[in-house]
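Novice: I have a structure here, written as structure tokens, and I will follow up with some questions on it.
The values are calculated or read from the model by the stated rules, or taken from the named source; none is laboratory data. Note that the structure is a prediction, hence the values are computed from the model and not measured. Here the Cβ is made from the backbone with ideal geometry for all residues, glycine too, and neighbour counts use every protein chain on show. In case anyone asks, the SASA skips ligands and DNA or RNA and just uses the protein heavy atoms, side chains included. Shrake-Rupley method; radii C 1.70, N 1.55, O 1.52, S 1.80 Å.
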Amino acid sequence: MKPVWMIVISVVVTAGIIGGGTYYLVNSKATKDKDNLQSQITDLNNKVSDSEQALANAQSTTSTQTTTPTTTTTPTTTTTPDPTASWKTYTNATYNFSVKYPSTATPREINAESFTVDFGSESISAFSSTQSLNTWVSGAITDLPSNYTSTKATTTLGGVAATKLTVTKSNSSDAPALWIFSVNGGKHYEVMSNTSDANFSNFLASFQFTK
């Protein structure tokens with residue numbers, strides 16, 4: 001039979017070995033778990049860092065993009081001033097026409113073989129007739145003195161077909177005369193001026209038949 005002290009020592013040694021082994025196993029597992037947890041934390045930190053970097057790059061790219069402005073061109077409308085805006089209007093109810101004339105002119109009506117209204121540089125004659133336009137114009141050309149020549153062209157008067165005669169006197173410094181012939185509603189109209197009249201084109205353009 002072993003002495004008591006040997007038994008006690010054996011128990012103590014055995015307990016120490018068991019306790020040491022147990023401590024080693026527990027400590028090894030704890031260390032391994034700690035290492036795994038630290039690795040997971042490190043991986044998570046890396047992922048967060050990568051996400052933050054990606055977001056920063058995206059924001060940087062967005063902020064540096066250049067937006068090209070869209071330019072819309074609005075058409076500009078140019079209004080041409082009316083050169084006859086300050087002119088007066090003459091209206092004749094008998095021969096059914098109206099015309100604008102410079103405000104400095106004074107219309108003067110003359111009733112002879114035909115009606116004539118004189119505006120100074122321009123005049124308009126009117127009368128009733130059954131003659132055709134061509135017959136009337138041909139007669140006017142035939143009646144010209146031998147030292148006058150004429151050039152004929154088609155035009156309009158108040159939107160109605162008309163003939164323009166440019167009449168020139170030979171060996172003269174006078175400006176050629178301009179005669180506009182038209183027939184409307186059984187009435188004959190003759191508008192007269194000369195090529196030096198700066199207002200004539202506007203005067204002629206303002207002419208209107210009221211019937």
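Novice: Please find, within segment 166-187, the residue that is least open to solvent (accessible area, probe 1.4 Å) out of those that are of a type in the set (S, T, N, Q) and closer than 25 Å to Val99 by Cα. Let's see the steps before the verdict.
Specialist: We begin by selecting, within segment 166-187, every residue of a type in the set (S, T, N, Q); these are 166, 168, 170-173, 182, 184.
Now drop any that are not closer than 25 Å to Val99 by Cα, which leaves 166, 182, 184.
Working: Thr166: 35, Ser182: 0, Asn184: 38 Å².
Checked segment 166-187; the qualifying residue least open to solvent (accessible area, probe 1.4 Å) is Ser182.
Novice: Checking Thr163 against (1) closer than 17 Å to Val99 by Cα; (2) open to solvent by less than 50 Å² (accessible area, probe 1.4 Å); (3) among the hydroxyl-bearing types (Ser, Thr, Tyr): exactly one of these is not met. Which one?
Specialist: Here Thr163 clears every test but (1).
Novice: For segment 128-159, which positions are in contact (Cβ under 8 Å) with a residue 40 or more places away in the chain and surrounded by 15 or more Cβ atoms within 10 Å (Cβ to Cβ)?
Specialist: First, pick out the residues of segment 128-159 that are in contact (Cβ under 8 Å) with a residue 40 or more places away in the chain: 128-133, 136-137, 140, 157-159.
Listed by number, the residues that qualify are Leu133, Trp136, Val137, Ala140, Leu157, Gly158.
Novice: Among the residues of segment 136-181, how many are within 41 Å of the chain's Cα centre (by Cα) and part of a loop (DSSP other than H, G, I, E, B)?
Specialist: 2
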